[in-house]
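Notes follow once the structure below has been shown.
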Amino acid sequence: MYVSRADKTDQHRLVIVRHADGMSSRYVHLKHAACETGQDVQSGQVLGVLAESDEWTEPVLHFEIRDLRGNRWIPRR
């Protein structure tokens, strides 16, 4: 679960995908998760349905990549 910044009673789903190389990708602000804990997922598979955002007029997906230590991954330029 992920709690909204503006309304602490508004809870969204968070999906974390762990990749074979040890990296992970995170998808936040989901109203419904379309996968289960521990489930293998494939490229292109739907992971969930976006929730309404409390900060924007349209649904917004928060996406990030984390490294082996769980730190936010920042691509080199």
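Every number here is computed from the coordinates shown, using simple stated rules; none is lab data. Everything numeric here is computed off the predicted structure, so don't read it as measured data. Using ideal geometry, Cβ is built from the backbone for each residue, glycine included, and neighbour counts are taken over all protein chains shown.
Observations
- Cβ pairs under 7 Å, 6+ apart, first in the stretch 24-51 and of a type in the set (D, E, K, R), second part of a loop (DSSP other than H, G, I, E, B): LYS31/ALA51
- Residues that are among the hydroxyl-bearing types (Ser, Thr, Tyr) and touching a residue at least 24 places away in the same chain (Cβ under 8 Å), drawn from the stretch 52-68: SER53
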